[in-house]
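The values are calculated or read from the model by the stated rules, or taken from the named source; none is laboratory data. Keep in mind it's a predicted model, so treat the numbers as computed, not measured. For neighbour counting, all protein chains shown are included, and Cβ atoms are generated from backbone atoms with ideal geometry for every residue, glycine included.
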């Protein structure tokens, strides 16, 4: 009796039946398939015994399909086609040309390294879906460790046990303020300019990180900053800043988004490092290609900065093999 629990054996049965039906004979089918005619005959007989019906009428000139054989042939061709597509799809995913990448972000996608990376990647991997989650390291790191995220792009050097980290790019720090603020007339600001000012941050990330950043630097100058916390997201936070006397800090990638009545001024000498955090056990081929491209783009950005040049998203990079 045929072992119907063996998918490879079932497919072999189907291929023998289809080839025999198309060529009208067992010997001709065996030549096409490169197997012994006796093996084809036995496999077809096994299948007929299994289903309890004859598929072929055998004669000296070859074989012809029975009515049951004709119905079986239609389904056999569909099954083989589905199996072929399944193999092709698995191959595409295995080569990193399809699938899903789950990305944790804390920086803006408005400009800078991340949107350039995404544009370069999508130019050669249009079938890969990118899913984004915005949060801070306290959410992103466990998600990476538990493989709920493929990668998280975070500031600094977060503690992430069992994960790999790679520093990819830097962003300048800017002060956001109303265009009517007393500091708006300056083109560059120092920490000493910010002493005694009122700040506002969001209660959601990156607000808490900004608050810690302000306390660290301004307390070092001998005075703790006054910081208001608001349960709003970035767009509404910037409207609060534009309409009042509060300041806030933001990274370089965010300043591409303009708000009426708001201006950005660079904070001299302040740079935020950004890194990628991922699990070395992550075997997602699509993610591995993204990571390779990110490292390549990081080297390119570093070379351009060393030569006094800047990169732009119009220069697309070919994604390397993982």
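Here are some residues: 247, 272, 237. Which one is modelled with pLDDT of 95 or more, surrounded by 13 or more Cβ atoms within 10 Å (Cβ to Cβ) and out of contact with any helix residue (DSSP H, G or I) (no Cβ under 6 Å at 6 or more places or on another chain)?
Working: 272 fails: modelled with pLDDT of 95 or more; 237 fails: modelled with pLDDT of 95 or more.
Result: 247 is the single residue among 247, 272, 237 that is modelled with pLDDT of 95 or more, surrounded by 13 or more Cβ atoms within 10 Å (Cβ to Cβ) and out of contact with any helix residue (DSSP H, G or I) (no Cβ under 6 Å at 6 or more places or on another chain).
Of 80, 47, which residue is in a helix (DSSP H, G or I), touching a helix residue (DSSP H, G or I) at 6+ places or on another chain (Cβ under 6 Å) and at pLDDT below 80?
Details: 47 fails: at pLDDT below 80.
Just a single option satisfies the conditions, and that option is 80.
Filter the range 109-120 down to the residues that are touching a strand residue (DSSP E or B) at 6+ places or on another chain (Cβ under 7 Å) and at negative phi, then identify the one that is surrounded by the fewest Cβ atoms within 10 Å (Cβ to Cβ). Don't jump to the end; show me each part of the working.
Applying the first criterion (touching a strand residue (DSSP E or B) at 6+ places or on another chain (Cβ under 7 Å)) to the range 109-120 yields 112-114, 118.
Cutting the leftovers down to at negative phi gives us 113-114, 118.
On the way: 113: 22, 114: 21, 118: 18.
Here the answer is 118.
If residue 101 satisfies every condition in (1) over 29 Å from residue 249 (Cβ atoms); (2) surrounded by 13 or more Cβ atoms within 10 Å (Cβ to Cβ); (3) modelled with pLDDT under 90 but one, which is the exception?
Status for residue 101: all satisfied but (3).
If you check 157, 145, which single one turns out to be over 21 Å from residue 253 (Cβ atoms) and in the same structural domain as residue 283 (by TED's automatic domain parsing)? Don't jump to the end; show me each part of the working.
Numbers: 157 fails: over 21 Å from residue 253 (Cβ atoms).
Checking each option against the conditions leaves just 145.
Of all residues in the range 237-287, which are farther than 18 Å from residue 209 by Cα, part of a loop (DSSP other than H, G, I, E, B), in contact (Cβ under 8 Å) with a residue 40 or more places away in the chain and in the same structural domain as residue 195 (by TED's automatic domain parsing)?
244, 245, 257, 261
So residue 116 ticks every box in (1) in contact (Cβ under 8 Å) with a residue 60 or more places away in the chain; (2) assigned to a strand (DSSP E or B); (3) closer than 23 Å to residue 255 by Cα but one. Which box is left unticked?
(2)
Which condition from (1) buried (at least 19 other Cβ atoms within 10 Å of the Cβ); (2) more than 30 Å from residue 197 (Cα to Cα) is the one that residue 283 breaks?
Among (1) buried (at least 19 other Cβ atoms within 10 Å of the Cβ); (2) more than 30 Å from residue 197 (Cα to Cα), the lone unmet condition for residue 283 is (1).
So, residue 220, is that one at pLDDT below 90, outside the structural domain of residue 105 (by TED's automatic domain parsing), surrounded by fewer than 19 Cβ atoms within 10 Å (Cβ to Cβ) and within 20 Å of residue 271 (Cβ to Cβ) or not?
Details: at pLDDT below 90: yes; outside the structural domain of residue 105 (by TED's automatic domain parsing): yes; surrounded by fewer than 19 Cβ atoms within 10 Å (Cβ to Cβ): yes; within 20 Å of residue 271 (Cβ to Cβ): yes.
Judged against the criteria, residue 220 is a match.
Residue under question is residue 86, and the condition is that it be at pLDDT below 90 and either in a strand (DSSP E or B) or within 29 Å of residue 146 (Cβ to Cβ) (or both); does it hold? Even if it seems obvious, please write down each step before you answer.
Working: at pLDDT below 90: yes; either in a strand (DSSP E or B) or within 29 Å of residue 146 (Cβ to Cβ) (or both): yes.
So residue 86 fits the description; yes.
Any idea which of 202, 260 is in contact with a helix residue (DSSP H, G or I) (Cβ under 7 Å, 6 or more places away or on another chain), modelled with pLDDT of 90 or more, over 27 Å from residue 163 (Cα atoms) and crowded, with 19+ Cβ neighbours inside 10 Å?
Values: 260 fails: crowded, with 19+ Cβ neighbours inside 10 Å.
On inspection, the qualifying residue turns out to be 202.
Mind telling me which of the residues 166, 184 ends up being in a strand (DSSP E or B) and touching a residue at least 24 places away in the same chain (Cβ under 8 Å)? Break it down into steps so the answer makes sense when it comes.
Details: 184 fails: in a strand (DSSP E or B).
Being in a strand (DSSP E or B) and touching a residue at least 24 places away in the same chain (Cβ under 8 Å) holds for just one of 166, 184, which is 166.
Can you tell which of 151, 133 is in contact (Cβ under 8 Å) with a residue 40 or more places away in the chain and closer than 14 Å to residue 104 by Cβ? Step through it out loud before you land on a result.
Values: 133 fails: in contact (Cβ under 8 Å) with a residue 40 or more places away in the chain.
Going through 151, 133 in turn, just one is in contact (Cβ under 8 Å) with a residue 40 or more places away in the chain and closer than 14 Å to residue 104 by Cβ: 151.
Which condition from (1) more than 30 Å from residue 145 (Cα to Cα); (2) touching a helix residue (DSSP H, G or I) at 6+ places or on another chain (Cβ under 9 Å) is the one that residue 286 breaks?
(1)
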